[in-house]
Amino acid sequence: MKKKLVTGCFFLLSLAVNAQQLTSPDGLLKMNFRLDQAGAPTYDLFYKEKPVIKTSRLGLELKKEDPDAAVDFEFKQRKDASALDKKTDLYSGFEVKDTKTAAFDETWQPVWGEESAIRNHYNELAVTLEQPGNDRTMVIRFRLFNDGLGFRYEFPAQKNLTYFVIKEERSQFAMAGNHTAFWIPGDYDTQEYDYTTSRLSEIRGLMKKAITPNSSQTPFSLTGVQTALMMKTDDGLYINLHEAALVDYACMHLNLDDENLMFESWLTPDAVGDKGYMQTPCQSPWRTVIVSDDARNILASRITLNLNEPCKLDDTSWIKPVKFIGVWWDMITNKGTWAYTDELSTVKLGETDYTKTRPNGRHSANTENVKRYIDFAAANGFDAVLVEGWNQGWEDWFGKSKDYVFDFVTPYPDFDVQEIHRYAAAKGVEMMMHHETSASVRNYERHMDEAYRFMKDNGYRSVKSGYVGNIIPRGEHHYGQWMVNHYLYAVKKAAGYGIMVDAHEAVRPTGLCRTYPNLIGNESARGTEYESFGGNNVNHTTILPFTRLIGGPMDYTPGIFETDCSQMNPGNTSRVRSTLARQLALYVTMYSPLQMAADIPENYQRFPDAFRFIKDVALDWDEMKYLEAEPGQYITIARRAKGTDNWFVGCTAGEGGHESALALDFLQPGKKYEAVIYADAKDADWETNPQAYVISRKKVTNKSRLNLKAANGGGYAISIKEI
């Protein structure tokens, strides 16, 4: 690792006593900080002299304290109501007490990732603000990278600000125009929406159309959107708003004043409406603004990772990328079931008496079926097999608001844990655990140690956890401070047992996988399962890398070869809105060290030549090249497999398809390679002819050019190996 820390002011120009300018290392980004006439901290941001963020205010509003509350001894004695009102203001009345600057440059190596080394290079300004009226101090720390800005609030230990409750964070992001935005509603409990593309001024009118009818999970307002929010200006700037290092704090949404085109942070509330409980010294997550005039640079940005702390695990040798198959898609399409029976009868599970009738005959997680998946994994070089529905409790797991649902260790009668362990080990295949909590978080925490010990005893090194439903404790939200703390608690606890975590329905990632690399995957967005629930928008996978994946890898579960779901279950009329070739491309464009071949073995056996790419594609990378990108239209990425000179290329296209003229100049000069190209056939179309593909082979060098065409909802995948 190389690291350089320089303090000084060569990049900080003092404009006035209360105003400073910060410049990025390459000089293309400039941020101005100042206090306005009310003593409110403000900032703006420019890229190549173009406005990115117009003057915007910063600060927090605290909850008004109750002078009669028994816990508030100081103000119970003072009975000073006017002072209490004043104490809620952490957004005005400030003076600049001090400024510190620094330049930082290091290169660090991730445990796994899109590249083997990441540069962390920024200039920093820390402004210490003093509020004389309340004798309080707040620090706003800015870091300006070549690709964007990060800032956060820091609250040092101090006499007059020790415990406080956040009513709202007031961070503003004033847009310089009516940009095109790629957005989903600001729901407190799910990100599982298709993206809407519209002007900022149109969000209010379109919001209702993006909300699932009769959903119990609804956005907080008709102007709120979730991060990461991707935008494009009329003059060709790409802007992304998100957050990094979300720890002990509520997840941030963005509330839009559509008349003034002003976003303001809006934190997820808890069960009583509060936004955060804080004790100094403490800090907020980073708020991030990534900007470029080249869409590829948004995908290449590592701001989110760089704003997180370095790895806190002493030993990471047990953390390995995983390619797996699973007993999953037949249940998602309703060919099989998670539950062993269709109704409840008398059976003891923990503290609950169930009623159990005879087996329904459709339970997928049975020993015989799972052995078939193990055989397939062993024969095709997969690392692991995921089994969902193996444990008792699925008969009434959802929507009943039950506290005690699963115990995470009791199998159904037709699933022999010990035999599966023995059989998989003999075949050189690992088993991947599934913990669906049914959003009963207290129940999961009471069983967590026992569940993790059970995993260790039976050869499971990774777990897919789920949080489907309304959170228990009731009234809490998936993205509130309480749940944010739970997700990290589960990851830390798992690390103590040498277990990797793939969390579904959890809060969207904010780069914490750098600090805790056993957080090897997340869902936290609308994934492949929705292709069986009516389908995803055709352009969905051309937007997700600009939004959801900004915070970390996604367990998207690609690889569906049979796109007509009625072939799995005649009652399911859904269609996967993708060609088969694009399903291959997603293993490259939807980055994750945890990749599932999500279809059933029989469908892969029908297309063995196409399945070859899934078997070959790497999971961990030394280098990546973002070759083409336009949000909502197309993305083309090349990646070099770790420790090799083998490259894999993927292109995903939206409606209308895409034509590429690829220069292979990323290949090493002087070497010869063979490219195996998996492309859409001329008549391919996600709707009318999704399984039409062609495979060709070409000898290539770094001087070669490839002209390829992706169909409507299509794509292509290329395996390039040295010869």
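The values are calculated or read from the model by the stated rules, or taken from the named source; none is laboratory data. Model, not experiment: these values are computed from the prediction. In this analysis, Cβ positions are derived from the backbone assuming ideal geometry, glycine residues included, and neighbour counts consider all displayed protein chains. Ligands, DNA and RNA are stripped out before the accessible areas are found, and what is left, the full protein with its side chains, is counted by its heavy atoms. Shrake-Rupley method; radii C 1.70, N 1.55, O 1.52, S 1.80 Å.
Observations, loosely collected:
- Global geometry of segment 539-684, whether rounded, prolate or oblate, following the gyration tensor of its Cα atoms and the 1.5 cut on a/c: prolate
- Extreme residue, positive dipole direction of the chain, given options G276, F561, T701 (C-beta unit charges): T701
- Measuring r between the beta carbons of K312 and D685 and using R0 = 56 Å, the FRET efficiency lands at 0.70.
- Flagged links, alpha-carbon separation over 19 Å, of K625/K698; K30/K100; K323/K698; K64/K167; K672/K699; K671/K721: K625/K698; K323/K698
- Rounded, prolate or oblate (a/c below 1.5 giving rounded, otherwise prolate when a/b exceeds b/c) for segment 300-439 by Cα gyration tensor: oblate
- Length gained on full extension, K492 to E106: 136.3 nm, using 0.36 nm per residue less the C-alpha separation.
- Proximal charge balance of I635 [Cβ under 10 Å; K/R count +1, D/E count -1]: -1
- Pairs from K54/K208; K400/K493; K54/K275; K320/K642 whose Cα-Cα separation, in the structure shown, is over 18 Å: K54/K208; K400/K493; K54/K275
- With N the number of residues in the chain, Rg(Cα) / (2.2 N^0.38 Å) evaluates to 0.97.
- Note that segment 164-176 has calculated 3J(HN,Hα) couplings of 8, 10, 7, 7, 6, 8, 10, 6, 10, 9, 7, 7, 8 Hz, one per residue in order, obtained from phi through the Karplus relation 6.51 cos²θ - 1.76 cosθ + 1.60 (θ = phi - 60°); glycine and proline are x.
- Mean Cβ count within 10 Å, highest first, over the residues of peptides 399-410, 578-589, 197-208, 634-645: 578-589, 634-645, 399-410, 197-208
- Charge sum, other residues only, whose C-beta stays under 12 Å from E659's C-beta, Lys/Arg counted +1 and Asp/Glu -1: -1
- Each label was represented as a point 7 Å from its Cα along the Cα-to-Cβ direction; for E61 and E445 these points are 3.0 nm apart.
- Kirkwood Rh, Cα atoms: Rg over Rh of segment 452-520: 0.98
- Accessible surface of the chain, 1.4 Å probe: 47 percent of it comes from carbon and sulfur atoms.
- Were the residues from E655 through Q37 laid out at 0.36 nm apart, the gain over their Cα-Cα distance would be 217.5 nm.
- Solvent exposure of the chain as accessible area per residue, Å², 1.4 Å probe: 37 Å²
- Span from the segment 316-343 Cα centroid across to the segment 481-542 one, whole angstrom: 16 Å
- Simple spin-label estimate for R606 and A379 gives 1.7 nm between the two label positions (7 Å along the Cα-to-Cβ direction from each Cα).
- Taking every DSSP beta bridge that has both ends in the chain, the antiparallel portion is near 85%.
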